[in-house]
Structure formats: C-alpha cells, structure tokens
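Take a look at the structure set out below.
The values are calculated or read from the model by the stated rules, or taken from the named source; none is laboratory data. Since the structure is predicted, the reported quantities are computational estimates derived from the model, not experimental observations. FYI the Cβ positions are ideal-geometry reconstructions off the backbone, even for glycines, and counts take in every protein chain you see.
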Amino acid sequence: MIQDNKPKLLNRLNRVEGQVRGIARMVEDDRYCIDVLTQIQAVRAALAKVESEMLKAHLDHCIESAIVSGDTNEQRKKAAELIDLLARAR
C-alpha cells in the first residue's frame, strides 16, 4: 500500500466503524427499518469506496511495479492474485 493513502483509508475505516456502531444502536432502539437499511447502504457505499481506493493503489503500485520490472513470473503472479480476488467477489 502506498503510504500517502494510509491515513486517508484509516480515517474512512474509522468512520465506517462508527457508522456500524450507530446501526447497532439503531437496532437496539427499535428504529424504523428503512432508516436502518439506509444506514446499512451508507456503510456498504463507504466500504466500496475504501475497496476502490485499495484496488487503485494496488494497480498503481504493485501491478505497475511488476510490469516495469520485466519479471514475467511476477507479472503473472500479480495478475493471478487480482483474478482470484475478483472471482471471490462473485
């Protein structure tokens, strides 16, 4: 991971953590289902943003480094990792 993104990603994850705690309180307080579901969607969107940033960092750093290195085995390894990750998301 690129160190420049680390504080930004950790900040986002801390906010997500707070949102999840808030959802738990909403459930404990028997809040209206649509309100809880709205917050769940917000958490999912926030996690998707973190995932997107991590993927971009991986492509910009790890994959690019493998390509620039000229090491065919490393290129294949990085490509296989990405393919496996995307296959698990299904």
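Taking R76, is it more than 22 Å from P7 (Cα to Cα) and among the basic types (K, R)?
So R76 fits the description; yes.
From the list R25, R44, pick out the single residue that is modelled with pLDDT of 95 or more and over 19 Å from L86 (Cα atoms).
Of R25, R44, the one residue that is modelled with pLDDT of 95 or more and over 19 Å from L86 (Cα atoms) is R25.
Just for the range 1-52: of the residues that are among the β-branched types (V, I, T) and farther than 21 Å from A89 by Cβ, which one is nearest to the chain's Cα centre (by Cα)?
I2
Return the only residue of A46, A66 being closer than 30 Å to I23 by Cα and of a type outside the set (V, I, T).
Every option except A46 fails the conditions.
Mind counting the residues in the range 3-58 that are touching a residue at least 12 places away in the same chain (Cβ under 8 Å) and among the hydrophobic types (A, V, I, L, M, F, W, C)?
Residues flagged as touching a residue at least 12 places away in the same chain (Cβ under 8 Å) and among the hydrophobic types (A, V, I, L, M, F, W, C) within the range 3-58 amount to 15.
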